[in-house]
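Just so you know, all these numbers are worked out from the coordinates, no wet-lab data involved. Since we're looking at a predicted model, the values are computed, not measured. Heads up, the Cβs are rebuilt from the backbone with ideal geometry, glycines too, and the neighbour counts pull from every protein chain shown.
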Amino acid sequence: MALTDVTHDAQDFVPAVEVEEVELYHPKTWLGKYVFSQDAKIIALQYSITAMAVGLLALVLSVLMRIQLAWPGALSFITPDAYIQFVTMHGMIMVIYLLTALFLGGFGNYLIPLMLGARDMVFPYVNMISYWVYLFAVLLLLASFFTPGGPTGSGWTLYPPQAILPGTPGSGWGITLMVISLVFFVIGFTMGGLNYVVTVLQARTRGMTLMRMPLTIWAIFTATVLALLAFPALLVSCIMMSLDNLLGTSYFMPAIVSLGQQLDYSGGSPVLFQHLFWFFGHPEVYIVALPAFGIVSDLLSVHARKNIFGYRLMVWAIVVIGGLSFVVWAHHMYVSGMNPYFGFFFATTTLIIAVPTAIKVYNWVLTLWRGNIRLTVPMLYAIGFVFTFINGGLTGIFLGNVIVDVPLSDTYFVVAHFHMVMAVSPILAVFGAVYHWYPKITGRMLNEGLGRFHFWVTFVGLYCLYYPMHYLGILGVPRRYFSNVGPNGLPDFIPDSAQFVNIWITIAAICVASSQLVFLYNLFASATRGKPAGGNPWGATTLEWQTTNTPPTHGNFGKELPSVYRWAYDYSVPGAEEDFIPQNVPAGKNTGQAS
Amino acid sequence: MSIFRTLSTKPWIAERGYVSDSHGFRLPTAKVFLSVFLGVVTSVFGLLTAAYFIRMAYADWQALPVPALLWLNTAILILSSVTLQWARVAASREQADGVRRGLLAGGALAFAFLVGQLLVWRQLGSLGYFVDSNPSNSFFYLITGLHGLHLLGGLVAWFRASVRLWRGAEVAKIRMSVELCAVYWHFLLLVWLVMFGLLLVT
């Protein structure tokens, strides 16, 4: 690797960065600037707002489900059909249309160019199209609520044959729109994803070597690579499913009698669908977990004023987790009737993932060890993430073993596990990231008091919500059931105590859900009335905090792109004047390093 | 291996105070973009192949007769790839006439291939091999359809490059587009040969 020595004299002129200049498209109209924008920052906001809006809908659906479980029949419009439709839409929206879109489309778009010192994504036009295709996919999904029969009620895994057979709610229009929406999501995501990967590979500013990149970028980069390779499985299975549905092919559909009628299908393999679906579905877990890992690493380091412990191991762990995530998919299928020897293989690979994951957890804890910890709101969320992720990870060891998984399958234990590990944990990281980067995006701080309130209600509430669910699961309470009470209004096949737990969980869920209104209020109110933040309120080293303007203008940096002289974690360097040295500061007298 | 050297650098001590000149690969960005995209397409067709093998093992699978026209189509696609390679070489030598001829022939042959594939569909249909009559038929229509769509996407890029050339753009200006088209064509040819092989073997 060629190095330019810039250390003879701190006053020495360092030549301007010789990066190919990206030809920026300068819009002239308001529409081109804020709606059909090619600026990654605007696209990021568009992605985030759309994802959060549709996520809010999914949140409401989950509260409705909880009300039905605690007080069956309290809301008369929740029929068994509607209930399972809510389950399906809640899962699908949260996993794909909220988390994937928010982490990669939202944070990816905002942070990749800024943190790497680039003017924009390498293909801004494709980037813009990516958002509009995503929006179209969201609208198709929402449209399925207004079709005859309503949205699909097949569960977010869309397992055939039940997904397309009459009897499952939304088996006509619902499932058709669902798979078409997913196909568009994949196409839109691929456009964005190619951009993120190529931008990381090609558009880093001078001095930003791969091993100087902040862990957020490493994580988003790896997650995008996973998504680019895994989403084709979803694409292929969706296309094949819609052919089964619309043209009567038998990829997945076995010979089957439905409502007394022998259908035209024959010989198809539902397990084949499960293999394809989970070949996408498992990497998907890491597509939303890895960006959370990266973001939390950066938040912990910044707010503990300490360099990240074991940077190299953190990078390797991200890459290794990404690789392993492609060889564990069938641990979702232990009860599917596949070859039992597969179970042995997939249990082994699944448990191996614990190794790089544990490395990350130890490194987070060791980063905090004797750090100058500032319990800011982002830091609270980052620490909350570490706690929650360990909890969710531990139940993953239970479920990764075939003999433990079989009796726990399809119980609330599974629901509790995957919510802890891929719903609560990533969403805590999202909140941490929003509180952390909001000052850069708007130029104003979020209200600290409201933020703390939001954190404690959310964090404690989520534990009240999901901890008891593990016990329900061990008791054998099945998931996806519309009601646990019999015709006389009393718990039917579960003990009274379990029904009491259900009521408790619902109350916790309502508290957590309503506290999100505080967060929304904070987001809107602080945009105009928040305390002015200045360029670098947290004293962070990474490049997005070193822009000339806050919020950064079109083109991100001033006339010249910054040069990078160091890694992203120079906090509390002995002898340095301040407790952080930005990445674009060369060695000199203020850094405590010989120039 | 430089990737291992990269991954084993110690950013917290090494090169402090130095600006590294390395940023990005030395490859042009458009080429990196195409390589990553080819990775995605490989994933699509790889998964289809896996699904093909899994589904084939079931009792109701009946192999599809291979229409003779498919051999002709394969030959046309090979020629299309060869002529685009010719255009690519001509572009690197800045021979405008060669590029024109190569592009035109390559694109026309690709169109011919697509028309040929549609004819194969019609032939099979008239013989009663519909998309839903047997899983092997379903896979055949799906694979040829997806492959055709990818080629159609390539033709959009080909069309844009051709229009620029005929409007009088210098060869040097469209050299990259021609090169990327040729690489994409070779890739789709490879995919087709594998898929065709799959059909012949099974």
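Shielding of peptide A:265-277 by partners, expressed as the average count of other chain Cβ atoms within 10 Å per residue Cβ, is 3.
Taking the 0 to 90 degree range and rounding to the nearest ten, how far is the long axis of helix A:354-368 tilted relative to the main principal axis of chain A, both from C-alpha atoms? Once rounded, one gets 50 degrees. So what's the Cα pair-distance distribution over the stretch A:150-196, bin width 5 Å, in %? Result, from short to long distances: 6, 23, 25, 16, 11, 9, 7, 3, 0 percent. For chain A, the longest principal axis of the Cα atoms and the long axis of helix A:80-92 meet at an angle of about 20 degrees. The mean number of partner chain beta-carbon atoms within 10 angstrom of a residue's beta-carbon across peptide B:36-49 is 6. For chymotrypsin sites (Phe, Trp or Tyr not before Pro), the sites in the stretch A:318-409 that DSSP calls loop and that have at most 14 other Cβ atoms within 10 Å are A:Trp369.
Restrict the search to the stretch A:551-595; then list the trypsin sites (Lys or Arg not before Pro) that DSSP places in a loop and that have at most 13 other Cβ atoms within 10 Å of their Cβ. Qualifying residues, ordered by number: A:Lys559. Counting only other chain Cβ atoms within 10 Å of each residue's Cβ, the peptide B:136-142 averages 3.
Rg/Rh for the stretch A:452-595: what does it come to with C-alpha atoms and Rh from Kirkwood? The Rg/Rh ratio comes out at 1.27. What the Kirkwood sum gives for the protein assembly as shown is a hydrodynamic radius of 28.3 Å, with every pair of different alpha carbons counted.
Across chain B, the mean sequence separation of Cα contacts (distance under 8 Å, 6 or more residues apart), normalised by length, yields a relative contact order of 27 percent.
List, in the order given, every pair from B:Lys10/B:Lys31; A:Lys306/B:Lys10; B:Lys31/B:Lys173 whose Cα-Cα distance in the structure shown is over 19 Å. Where the Cα-Cα span goes over 19 Å, the pairs concerned are B:Lys10/B:Lys31. So, in Å, what gap is there between the alpha-carbon centers of the stretch A:147-176 and the stretch A:279-314? Computed from Cα coordinates, the inter-centre distance equals 36 Å. The long axis of helix A:124-143 is offset from the longest Cα principal axis of chain A by roughly 20 degrees. A straight chain from A:Ile352 to A:Arg374 at 0.36 nm per residue would run longer than the Cα-Cα distance by 4.5 nm. Using a cutoff of 8 angstrom between alpha carbon atoms and counting only pairs six or more residues apart, the relative contact order for chain A works out to 16 percent.
Could you state the number of Å between the C-alpha centres of the stretch A:189-252 and the stretch B:69-138? So the separation of the two Cα centres works out to 29 Å. In plain terms, chain B is cut at each of the trypsin sites (Lys or Arg not before Pro) found in a DSSP loop with at most 13 other Cβ atoms within 10 Å, and the longest leftover piece is B:94-166.
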